[in-house]
Amino acid sequence: MTAHVLPPAPAVQRPRVLVVGAAFAAAASFTVFIGLIGIYLAARVDVVGSGTAWLPEGATIPLQQPNTMFITLIMSVFTMQWAVAAIAKNDRVNSYLAMGLTLMLGIATIVMTTYLWYLMELDIASGIQGVLIYTITGAHIVMLVLAMIFVALMGLRALGGQFTARQHDGITAAAVFWYAMVAVYALIWISIYVTK
Amino acid sequence: MALTDTRPETGTDASAVAPSVVPSPLTIFGTGDHKAVGTFYVLAALVFGIAGWVAAALSLGHEVGSNSFLSGSTAMQLGQTSNLGLILLVIVPLFLGLGTYIVPLQVGASTVAFPRAAAAAMWTWLLSSGVFIVASFIDGGFGGSREKSVSLTLMALGGLIVALLLGTVCVLTTAVTLRTPGMTLDRVPMFSFSMLVGGAIWLLTLPVLLANLLLIWVDHRYNGGTTFGAGAIQFDQVLWIAYEPQIYAFLIPGLGIVADVIATLTGARLGQRNILLLAIGAFGVLSVGAWAQPAIYPSASDDLVWQAMGLLMLLPTLLFFGGVAKAFKDGKPSLKSPLGLAVVSLLLTLLAVLAGALLAITPLELRVSGFFAAGQYVLAIAAALAAAAAGIGYWGPKMTGGHSADGLGKLNVLVLLGGGALGGLSLCVLGFSNRFTGLEGAHDSLVIVSSIGCALVALGGALALLGLLSGARKGAPEAAADAWGTGQTLEWACPSPPPTGNFGDLAIVRSPEPLLDEEA
């Protein structure tokens, strides 16, 4: 009796164009924040060096909300990776669920950021501090929204049956951009919220 | 169909080579063909280049004598607009256009990565450039008095930087992921490699410029322009892209063009190729200048790292110079205009790097007046334009399907050499005026010479444009696939102009010069 030999599987689509492109886009986005935070730290050193407090009188940055956001975004890293791992096993239901959860965690972060802006009582026209803090945190929200749109689009394409266990570059690419967004938040957390 | 999908007419089925799409308004505005997108970039950037160099000449002319034909504010805004414009509207898009057209051909790809995104980037850049120019002309330049116009300028600049970054991502992704089998990174043609290095540096530095613009805009719009948005210091915050070492980042693709042109038109393989690749890489590393922002870090130019970068830049430049010079010795140079333009670019690059090294030597006090740095800027941008003109002349037959008038190119060799040298060196000489008091009396004469030099470079841009168009005219000698007869890299294996899909079946690449292997 001869064993049935299956034909070889088709080659996996290589190279991973979308993943590499997303990595380049993530690097460029990350660099925007490197620039912003560099300018923020230089301005802060100047103000503190002149003997005055960095934050204007009356303004405050509580730590509870930034910490909550950080934990939320770290959780979103796990849910995003869950989506990638699930689609890699052709487990579409878990992948949809994970992407949905990731989007919900993103929305929670936006809500918390706006609540933090309310609590800070920092006027954008209060000087260099207001301009820098609102520009950096606002730009991060823009990056978060872009990452959410990316994840949502890939989710819709997954629903349309475009991704499989062998070819799921779209979801991996969205995950790369999402991780870059979380890394940016880590920088903001330490340099703005913790250092104050 | 998503932005990241490939349009049917740019499909990756290279075995089915279809005839070129007939141009029509729909195919022009809706195309995702990398050849059309690249050509639009090049044509628009050349037109902007002519205007930009004329603006530079006019703003220099304002410096002469006491009775100027421009008001102080207008001249300042014109100078600043041309300073930024020559980089973001001319040099980067020229190289990006050539990269969008040529890199997929050089790496054996049927299309650029994300063709729709590449097209979106080009149209966004073009639209933003138009808005930037119009807003600048209605008193909206940096420090302009019309608040809304200034906001428009800032937003247009932001838009065109995002567009250039998106275009760069497409070209970089092509070079990284769409290489034909056998084309390892060390076998990538020099221009594609230099686009990879240059594009990576742009990707890591231009976003910082975007950050600067964002802060200026937010402060200008919401804080009354009291800090970053204050009119007097707006331009100072973005000046770093026109200053050492960042200015070198815009020369990197030019090095690749020079190497490719010299290799083909001398008919010699580039000896010590890995050293040339290393030189281009080192040139890129030493041109990262986003950290050296005088407005944020006033003592940046006193920093040892800044000075070391300026001096060390001589090493990769000389290494590169030596590497390509060997090709002249090993081969038989063909006296065609692209070769002359490549040599002009190389000479101007060497002068710019030498000027940068002198600028870095603190005891010479060349950073006091700003004239020396302005001279270095003119040399560097003229070198980049000469490299782009060499590339346009060299790949022109591939782009248009016809040979351009070589006489125009040869005239351009003289014009760009004269223009670049006069425009830059006269300002460099003026930079010594704080050490040699006699030079102060020659201020007006030197500035006039520089202004004439800038006007000549504008003429050089016009000649490059005419040269490209002359190849597309009816009756131009038809170009073969290997238009020069000595092509070494894959772009010379496909018809001129390339059809949709670019190639049929390609053999596995076994060296950096696959066409020479084929002949052997």
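When the residues of the stretch B:178-200 are narrowed to those that are of a type in the set (D, E, K, R) and more than 10 Å from chain A (Cβ to nearest Cβ), which ends up surrounded by the fewest Cβ atoms within 10 Å (Cβ to Cβ)?
Looking at the filtered set, the residue picked out is B:Asp186.
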Which is aliphatic (A, V, I, L, M), within 14 Å of chain A (Cβ to nearest Cβ), under 23 Å from the mean Cα position of the chain (by Cα) and part of a helix (DSSP H, G or I), of B:Ala156, B:Ala175? B:Ala175
Picking from B:Ala295, B:Ala259, B:Ala268, B:Ala290, the residue that is more than 22 Å from B:Ile201 (Cβ to Cβ), of a type outside the set (D, E, K, R) and touching a residue at least 60 places away in the same chain (Cβ under 8 Å) would be B:Ala268
From the list B:Thr168, B:Thr153, B:Thr100, B:Thr174, which one is without any contact (Cβ under 8 Å) to a residue 24 or more places away in the chain, buried (at least 23 other Cβ atoms within 10 Å of the Cβ), of a type outside the set (Phe, Trp, Tyr) and closer than 24 Å to A:Ser29 by Cα? B:Thr153
Checked the stretch B:444-486 for anything assigned to a loop (DSSP other than H, G, I, E, B) and buried (at least 22 other Cβ atoms within 10 Å of the Cβ); matches are B:Ala483
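If you check B:Leu439, B:Leu515, B:Leu506, B:Leu430, which single one turns out to be over 23 Å from the mean Cα position of the chain (by Cα), within 30 Å of B:Arg187 (Cβ to Cβ) and part of a helix (DSSP H, G or I)? Steps first, answer last, please.
Numbers: B:Leu439 fails: within 30 Å of B:Arg187 (Cβ to Cβ); B:Leu506 fails: part of a helix (DSSP H, G or I); B:Leu430 fails: within 30 Å of B:Arg187 (Cβ to Cβ).
Only one candidate qualifies: B:Leu515.
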Residue set A:Asp123, A:Asp169; condition modelled with pLDDT under 95 and touching a Lys or Arg at 6+ places or on another chain (Cβ under 6 Å); output residue A:Asp169
Just to be sure before I move on: is B:Leu203 facing another protein chain (nearest Cβ under 9 Å), aliphatic (A, V, I, L, M), free of Cβ contacts under 8 Å to residues at least 40 places away in the same chain and in a helix (DSSP H, G or I) in the structure I sent? yes
Considering residues of the stretch B:213-229 that are assigned to a helix (DSSP H, G or I) and more than 8 Å from chain A (Cβ to nearest Cβ) only, the residue surrounded by the fewest Cβ atoms within 10 Å (Cβ to Cβ): B:Arg221
Enumeration of residues in the stretch B:292-330 that are touching a helix residue (DSSP H, G or I) at 6+ places or on another chain (Cβ under 7 Å) and closer than 30 Å to B:Leu466 by Cα: B:Phe321, B:Val324, B:Ala327, B:Phe328
Residue in the stretch B:355-407 that is nearest to B:Leu341 (Cα to Cα), counting only those that are among the aliphatic types (A, V, I, L, M) and outside any helix (DSSP H, G or I): B:Ala405
Identify, from the list A:Thr114, A:Thr137, A:Thr109, A:Thr102, the residue that is within 14 Å of chain B (Cβ to nearest Cβ), hydroxyl-bearing (Ser, Thr, Tyr) and assigned to a helix (DSSP H, G or I). A:Thr137
Among the numbered criteria (1) modelled with pLDDT of 95 or more; (2) out of contact with any helix residue (DSSP H, G or I) (no Cβ under 6 Å at 6 or more places or on another chain); (3) more than 25 Å from B:Ala56 (Cβ to Cβ), which single criterion is violated by B:Tyr394? (2)
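Among the candidates B:Leu164, B:Leu210, which residue alone is part of a helix (DSSP H, G or I), farther than 30 Å from A:Arg44 by Cβ and within 11 Å of chain A (Cβ to nearest Cβ)?
Working: B:Leu210 fails: farther than 30 Å from A:Arg44 by Cβ.
The unique qualifying residue is B:Leu164.
Output the residues belonging to the stretch B:61-83 that are assigned to a loop (DSSP other than H, G, I, E, B) and among the hydroxyl-bearing types (Ser, Thr, Tyr). I'd like the intermediate steps shown before the answer.
If we filter the stretch B:61-83 for residues that are assigned to a loop (DSSP other than H, G, I, E, B), which is where we start, we get B:62-71.
Hits for the stretch B:61-83 are B:Ser66, B:Ser68, B:Ser71.
The values are calculated or read from the model by the stated rules, or taken from the named source; none is laboratory data. These numbers were taken from a predicted model, which means no experiment stands behind them. Neighbour counts run over all protein chains shown; Cβ positions are idealised from the backbone, glycine included.
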